[in-house]
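Asker: Below is the structure I would like to discuss, written out as structure tokens.
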Amino acid sequence: MNIFDEYYDSNNLEKLSQYSDFSKKQLVIEAEYMRTTLNKILNYIDNGGEDLIYIRGEVMDGIYDSRI
């Protein structure tokens, strides 16, 4: 069992997660959107970006747009 399985089981996410009733398609869309947003933020930082207001804006947009 890996760390994610342990977290899933120990937090009873099958029943308690707000995402437990999402379809596989919905979950893949959500995960890909958040991955894209995270990569955008990391690329910004890797290219010398330091503006925390910009970073926070990207994070908030990612959270709002993806519902996660």
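The values are calculated or read from the model by the stated rules, or taken from the named source; none is laboratory data. Worth saying up front: this structure is predicted, and the values here are computed from it rather than measured. Areas reflect the complete protein model, heavy atoms only, side chains present, ligands, DNA and RNA absent. Shrake-Rupley method; radii C 1.70, N 1.55, O 1.52, S 1.80 Å.
Asker: Leaving out ligands, DNA and RNA, and with a 1.4 Å probe, what % of the accessible surface on the chain is carbon or sulfur? Show your work: numbers first, answer last.
Answerer: Numbers: 3330 of 5840 Å².
Using a 1.4 Å probe with all protein chains present, the chain comes out at 57 percent carbon and sulfur.
Asker: Can I ask one more? Contour minus end-to-end for ASP46 and GLU32, with contour as 0.36 nm per residue of separation and end-to-end as the Cα-Cα distance? If you can, show how the numbers build up before the last one.
Answerer: On the way: separation 14, 0.36 × 14 = 5.04 nm, distance 2.05 nm.
Contour length minus Cα-Cα distance gives 3.0 nm.
Asker: Where does helix 24-46 land angle-wise versus the long Cα axis of the chain, in degrees 0 to 90, nearest 10?
Answerer: Roughly 30 degrees, rounded to the nearest 10.
Asker: Sticking with this structure for a sec: Could you quote the convex hull projected area for the chain, Cα atoms only and averaged over all directions, in nm²? Could the numbers behind the result be given before it?
Answerer: Working: hull surface 22.9 nm².
Averaging across all directions leaves 5.7 nm² for the Cα convex hull.
Asker: Give the accessible surface of the chain per residue, rounded to a whole number of Å², with probe radius 1.4 Å and ligands, DNA and RNA excluded.
Answerer: Details: 5840 Å² over 68 residues.
That works out to 86 Å² per residue.
Asker: May I pose another question? As I understand it, the value is the acute angle between the Cα axis of helix 52-66 and the longest principal axis of the Cα atoms of the chain; what does it come to in degrees, rounded to 10?
Answerer: The two axes meet at around 40 degrees.
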